[in-house]
Structure formats: structure tokens, C-alpha cells
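Bear in mind that the values in this text are calculations on the coordinates, not laboratory data. All values reported here derive from a predicted model rather than from experimental measurement. Glycine gets a Cβ as well: all are built from the backbone with ideal geometry, and neighbour counts include every protein chain shown.
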Amino acid sequence: MTAIARPATPKPQAAVVLSKAVARAAERLDVSKSLLARVLGVSPPTITRLYNGTYLLDPNRKEWDFALLFVRVFRSLDSIVGDEATARKWLGSDNLGLNAKPIALIRNTEGLVRVVQYLDASRALV
């Protein structure tokens with residue numbers, strides 16, 4: 001019996017996947033395009049092109065690292081709270097552990113990292 005050879009399924013490019021993931025995460029968390037531009041360290045027109053699919057994040061630039069962190073925020077919140085409305089509420093609420101609103105913290109690198117670390121620690125609790 002001979003096995004039938006199947007054509008290899010092409011793997012999606014990482015830049016395409018992350019670019020779409022960061023735009024979808026921002027939409028689901030109700031993060032504005034201007035705030036997303038600030039989080040990623042790119043211009044607002046670049047974010048518009050990202051949403052339109054005419055710009056892909058560059059793995060050789062810092063925007064890539066910030067996008068990975070932002071998507072981690074979304075995934076962590078999704079696993080902790082389970083729904084987007086609660087995740088949006090969490091982002092906009094005062095947080096005693098962070099001593100600020102997470103939505104305000106993610107505007108800069110240090111704050112984004114703090115929020116990711118806080119969520120990672122929260123997910124680790126059993």
C-alpha cells in the first residue's frame with residue numbers, strides 16, 4: 001500500500017500573523033488606533049495601514065517586541081477573565097496592585113512590561 005503524498009501546507013508568515021493579531025486584540029479590547037500607535041511606537045498612519053493590511057510589523061524593529069507584549073496582555077486577560085467586556089473594564093479600572101489604570105500604563109514600555117508581568121503572575125495563581 002502506497003501512501004498518498006499531500007502537498008505541504010504553507011506556513012503563514014510570522015509578520016502577517018502578528019500584524020493581524022495585534023489589530024484584532026486592539027479591537028477586542030477597545031484600544032483606539034492612536035493609543036495602539038503609541039503602544040507600538042509607530043505613527044497613527046502606520047496603524048491605519050496595519051489595519052488595512054498594507055503594512056506588516058517588522059521583526060527587526062522594536063514595534064515587534066511591543067506588539068508581542070500587547071498580544072500577551074490580551075491573551076492573559078482572555079484566560080483570566082474569559083470575556084472581552086470584563087477585559088475592557090479591567091483595563092480601564094484603577095488597579096491597586098499596579099497603582100494605576102492598566103490602560104494608562106501600557107502607553108509606555110515600562111508600564112506595558114509591568115502590566116504583562118502582573119497578568120503573568122495572576123495567571124500563575126491556582
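Computed extension gain for Ala15 through Asn108, at 0.36 nm per residue and net of the alpha carbon distance, reaches 31.2 nm.
Measuring nothing but alpha carbons in the chain and taking Rh as the Kirkwood radius, the Rg to Rh ratio lands at 1.09.
Could you tally up the Lys pairs in the chain with alpha carbons closer than 21 Å? Skip any pair fewer than 8 positions apart unless they're on separate chains.
Details: Lys11/Lys20; Lys20/Lys33; Lys20/Lys62; Lys33/Lys62; Lys33/Lys89; Lys33/Lys101; Lys89/Lys101.
Going through the chain pair by pair, I get 7.
Can you tell me the 0 to 90 degree angle between the C-alpha axis of helix 62-81 and the longest principal axis of the chain, rounded to 10? Helix 62-81 and the main axis of the chain meet at about 80 degrees. The amide H of Asn95, built 1.01 Å from its N in the peptide plane, has Ala100, Lys101 as neighbours under 5 Å, considering only residues 5 or more places off or on other chains.
Determine the relative contact order of segment 29-126: mean sequence separation of Cα pairs under 8 Å and six or more apart, normalised by residue count, in whole percent. Mind showing how you got there, number by number?
On the way: 90 pairs, mean separation 25.7, N = 98.
Reported as a whole number, the value is 26 percent.
Tally Lys and Arg at +1 and Asp and Glu at -1 over the other residues with C-beta under 9 Å from the C-beta of Ser76: what net charge comes out? Mind showing how you got there, number by number?
Numbers: positive: Arg72, Arg75, Arg123; negative: Asp78, Asp120.
Charge balance in the 9 Å sphere: +1.
Counting Lys and Arg as +1 and Asp and Glu as -1 over every other residue whose Cβ lies under 13 Å from the Cβ of Arg107, the net charge comes to +2.
With helices as the sole contributors, the chain gives -20000 deg cm²/dmol at 222 nm; each DSSP H run of n ≥ 4 counts as -39500 (n - 2.57), and the sum is divided by every residue.
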